[in-house]
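Have a look at the structure below, then the notes.
Read-outs: derived from the displayed coordinates by stated rules, not from any lab. In this text the structure is predicted, and so the values were computed from the model without any measurement. Here the Cβ positions follow ideal geometry from the backbone for every residue, glycine too, while neighbour counts run over all protein chains shown.
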Amino acid sequence: MRGAHFARKLLEHEHAAVFAAPPRCGRCKGAEIEIRRRQNGTWVWRCYAPACKTTPKGGTNAWTQNIRLGRVR
Ligand SMILES: [Zn+2]
């Protein structure tokens with residue numbers, strides 16, 4: 001029980017480290033990146049720079065990238 005708890009804590013710690021180091025936006029190269037979670041539980045980086053996520057037609061099409069989290073070994 002304690003081992004499982006520790007493993008889970010470690011995983012959370014690893015996630016924290018990943019979440020603390022967002023990548024640059026793949027489209028505008030900006031650093032205005034936020035974390036979102038999809039309905040299916042997948043974590044994604046999302047650029048929220050207005051000039052980047054807004055399409056010429058006035059819609060929203062933000063850049064996103066799945067966040068790759070480490071596997072439990
Ligand atoms: Zn962007």
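When the range 2-45 is filtered for residues that are under 17 Å from Arg68 (Cβ atoms) and of a type in the set (S, T, N, Q), the ones remaining, listed by number, are Asn40, Thr42.
Do we have any residue at all in the range 11-22 that's in contact (Cβ under 8 Å) with a residue 60 or more places away in the chain and not acidic (Asp, Glu)?
yes
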